[in-house]
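Student: Supplied in structure tokens, the structure appears directly below.
The values are calculated or read from the model by the stated rules, or taken from the named source; none is laboratory data. On a predicted model such as this, the values are computed, not experimentally measured, just so you know. All Cβ positions, even for glycine, are placed from backbone atoms using ideal geometry, and neighbour counts span all protein chains on display. With ligands, DNA and RNA removed, areas are computed over all heavy atoms of the protein, side chains included. Shrake-Rupley method; radii C 1.70, N 1.55, O 1.52, S 1.80 Å.
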Amino acid sequence: MAIHKNEALGHLFNIHDTSSQRCLSHEQLHDMYCTVRIGGISHAQVKASMKQICGSDEYVVFSDMRKVIKEMDRRYYLVQNFQWEFSMLDHEHVGCIPVSSARCL
């Protein structure tokens, strides 16, 4: 039996809503996101995603959750793409690239 996306999101939300206030702080949202995406994103990016969608980085309610996660995914995959592009330009695998290569990123 397949679980509907909203139902799965609801379960994740309820697991991390430890105070039963029907909202998540940025810390709780960060923890939740790290269970779904390997490596996750930084706390600052979680707060920025919340502020972008909700207008506040204090908490997110369930009704805004899908939009916030979509914004967090956008940021997550942007970082993943930059990391991949950087690694492709780092031919010597030393963690740095020439300035001329960085300009094309």
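Student: So His30 fits all but one of (1) in contact with a His (Cβ under 6 Å, 6 or more places away or on another chain); (2) farther than 21 Å from His11 by Cβ; what number is the exception?
Tutor: So His30 meets the others, but not (2).
Student: Being among the β-branched types (Val, Ile, Thr) and loosely packed, with under 11 Cβ neighbours inside 10 Å is the filter; apply it to the stretch 79-105 and report the residue that is nearest to Ser42 (Cα to Cα). Talk me through it step by step, then tell me what you get.
Tutor: If we filter the stretch 79-105 for residues that are among the β-branched types (Val, Ile, Thr), which is where we start, we get 79, 94, 97, 99.
Next, from what is left, pick out any that are loosely packed, with under 11 Cβ neighbours inside 10 Å: 94, 99.
Details: Val94: 24, Val99: 26 Å.
The residue in question is Val94.
Student: Go through (1) at pLDDT 90 or above; (2) under 12 Å from the mean Cα position of the chain (by Cα) for Cys23 and report which single condition fails.
Tutor: Cys23 satisfies every listed condition except (2).
Student: Report every pair of residues separated by at least 6 positions or lying on different chains whose Cβ atoms are under 6 Å apart, first residue within the stretch 52-75 and free of Cβ contacts under 8 Å to residues at least 24 places away in the same chain, second among the acidic types (Asp, Glu) and open to solvent by less than 30 Å² (accessible area, probe 1.4 Å).
Tutor: Every condition considered, the pairs that remain are Gln52/Glu71; Ile53/Glu71.
Student: Among the numbered criteria (1) closer than 25 Å to Lys5 by Cα; (2) free of Cβ contacts under 8 Å to residues at least 12 places away in the same chain; (3) not hydrophobic (A, V, I, L, M, F, W, C), which single criterion is violated by Thr35?
Tutor: If we test Thr35 against (1) closer than 25 Å to Lys5 by Cα; (2) free of Cβ contacts under 8 Å to residues at least 12 places away in the same chain; (3) not hydrophobic (A, V, I, L, M, F, W, C), just (2) comes out false.
Student: Can you name the residue in the stretch 59-105 that is of a type in the set (S, T, N, Q) and at pLDDT below 85 and, of all such residues, is nearest to Lys5 (Cα to Cα)?
Tutor: In the first step, residues of the stretch 59-105 are kept if they are of a type in the set (S, T, N, Q); the result is 63, 80-81, 83, 87, 100-101.
Now narrow it down to the ones that are at pLDDT below 85: 100-101.
Values: Ser100: 44, Ser101: 41 Å.
Checking each candidate, the answer is Ser101.
Student: Can you tell me which residue is nearest to Leu24 (Cα to Cα) among those in the stretch 76-105 that are without any contact (Cβ under 8 Å) to a residue 12 or more places away in the chain and polar (S, T, N, Q)?
Tutor: Here the residue is Gln80.
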